[in-house]
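Only one structure is covered here, and it is reproduced in the block below.
The values are calculated or read from the model by the stated rules, or taken from the named source; none is laboratory data. The shown structure was predicted, so the numbers you read here are calculated from the model rather than taken from an experiment. No Cβ is skipped: glycine too gets one built from the backbone with ideal geometry, and neighbour counts run over all protein chains shown. What goes into the accessible areas is simple: the full protein's heavy atoms, side chains included, and nothing from ligands, DNA or RNA. Shrake-Rupley method; radii C 1.70, N 1.55, O 1.52, S 1.80 Å.
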Amino acid sequence: MTDAENETELEVILACTSASDREWLTELLCCGSRRDCRFVFAATAHDTLSLLAQPARGPRVLLAAQLSDLDAAQLLHQLAGDGANPPCPVVVITPGDGRDSGPTLLRAGAQDYIGEHWLSPHVLARALDNALVRWATDRELRGILNSLPQHVLVLDGHGVVQAVNEPWERFTREQGGALAAATVGSDYLDVCRRARAAGDSWAGELLTRLQSVLAGRADELVVEYPWHSPWRERWFLMHARRPFHGEGLILSHVDISERKQVEEQLRQAQRLTQTIIDGAGALVFAKDLQGRYFLTNRAWRERAGLSAQGASGTTDEEVYGAEVAHDVRRSDLQVLASGQRVVAEETTCLYGRAATYLSSKFPLIDESGKAYAVCGVSTDVTRLKQAQAALQARERELQTLADNTPDILARFDRQLRHVFVSAAIRGVTGRQPQDFIGRTHREVGMPEAVCTLWDDALLRAFGEGLPQSVQFTLEAADGLRHFSGRFVPEFGPDGPVAHVLAVLHDDTERKRAEEDVSRLLEEERRHAHLLTRVALASRLVHASLSAQEIAQVLTQQAREIIGAHEAATVLLPEDPAAPPACVVSRMAGARGAEGAPLPARALHVLVHECAAPVRLSRAQAGAAAAGAGRPPPRGWRVVPLGAHGGGG
């Protein structure tokens, strides 16, 4: 006790039914205490409680002896309740030496006890001083205990609850359940037994481990257990440890319900994430900064031939080998260094099968903004690469065919831009095919008339979905060329026309051939007209002129009709033995092949346009005049004259 505390007046409530005992105790205390004491007497427990209910003006202590209505333990229960501190320090005078009842009184809330056999002024004064100190200390400890958020219980060496804090008391009132029976003075182990009997599976494990700690076989206990109420599920973390003096246990219960809920939500999110990535056909994975896998999906594990447990913690070197792992690790470090997504092709070989993957890797960022892992999604593009190679080979074949066909092939999109042009365009425009790609025909400088014609055909092909035909001329490097074209719609997978293919054929040579044919036909018509006039003229003169005169007239008319400088007429008598006569227009008369006069008989006339006199052999002339379906020599016409009645 300090000097200031000794100088403070101490209020002593002396609770004792016997007046003589009150006087005796007062005298002992006055003799033994160095403090000023003010005594207040109470003959019953009821009076005692009434006095303690009044506010104290200073330090106060209760000195309790024998009462008629309640014993000391009952009085303490009224004062302290379940484990609470009494409103002031309590010293109890017990019968005899107090060894039998003293410990019980201390557990009930008394700060000290004195057996009647041990009473003396000094002992009584010392007991009151100790009670004041213990009560203040207990009050401080109780304040500390109540300020803790954990639910705290203090057990003795037998598992009996010695103290609880206010959070525990408040919680048990709200929660209820088996553990709510754990109050001051109750057997905590027995509470666990009752909970186990009620069907709480966790209570059996808790009981066994508490007994192990109380028996000294373990130093502490940490266990999570559920304590659910009908309206709420709750989880707690219990920590039990022996105190420093080595007897009993200090139990703390921490409500971890929110943490368990968060953990359950996290587990659900992990299960959902795992379900989603397991359903993906691509390889999904995540690696820490050291390159160890901590997340993989089913496709990745099947490709690597590993279980979920075997995949956790493995590295690329263990899975793919050092050479492939080096390239993969390089891309991982690039992602971590840049903090950006990186897309790259990676080729691996497992179990003798090479595969190419298109990997998209990105960093996983923590709350501080630092990358703590690399996550990736790898899609197997092996078949796609093979298909692309086959397609490219096919495209090269088609390009070769297109470049070697004389027709111009062009494909247009819906904006009328060239998406393909064959090499034949160079021979017409003098420009390379790549000059047309992505541009319209107007943008490459094609003639306006051609552009208008093509636009109309393209728009109709796109709009109607039907092929369109065009014909046009184009001034090329070697002159004017004629083209015919066909614009064929190409339908996309969703139905509408996606492109139009134009096939343009150079018709210039055909046009020229047609012109030559027309010219030849015109010549044929002119020759036929000539023959008609010759025949008409021959019929007019045949009856009155000699053969020589007929030949001369026919030659002159043939020259005028044909318009040639020279013409020859061969008169062929019907008699095969008679020689033909060849007459040239500049000659005065007609003579036979041998110079003999021509017979005056029915004749055939062969007319030929020539630049010089022409003489036919008898065989040639005879073959031409004989007919029988055989044509005359080239350039000759056969005209039958009919019967001739004149003389020669």
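Please say if the range 126-199 is rounded, prolate or oblate, where rounded means a/c under 1.5 for a ≥ b ≥ c the square roots of the C-alpha gyration tensor eigenvalues, and otherwise the choice is prolate for a/b larger than b/c and oblate otherwise? Oblate, since a/c reaches 1.5 and b/c is not below a/b. Here's the list of lysines a cross-link from LYS385 could span, going by alpha-carbon distance under 25 Å and ignoring same-chain residues fewer than 8 apart: LYS361. For the range 357-486, the solvent-accessible area works out to 57 Å² per residue, with a probe of 1.4 Å and every protein chain left in place. Nonpolar atom fraction for the range 328-480, defined as the carbon and sulfur part of the 1.4 Å probe accessible area, stands at 53 percent. A 1.4 Å probe run over the protein chains yields, for the range 216-292, 62 Å² of accessible area per residue, whole-number rounding. Computed extension length for THR473-TRP118: 113.8 nm, one decimal, from 0.36 nm per residue of separation with the Cα-Cα distance subtracted.
Rolling a 1.4 angstrom probe over the protein heavy atoms with all chains in place gives the range 172-211 an accessible area of 48 Å² per residue. Split the accessible area of the range 1-70 by element, probe 1.4 Å, and carbon with sulfur accounts for 49%. Its Cα gyration tensor gives the range 436-486 an equivalent ellipsoid. The semi-axes, each the square root of 5 times an eigenvalue, are 21, 15, 8 Å from largest down. A crude spin-label estimate for the pair ASP380 and GLU9, with each label 7 Å from Cα along the Cβ direction, gives 9.8 nm.
The convex hull built on the alpha-carbon positions of the range 111-150 has an orientation-averaged projected area of 3.1 nm². Accessible surface of the range 112-227, 1.4 Å probe: 50 percent of it comes from carbon and sulfur atoms.
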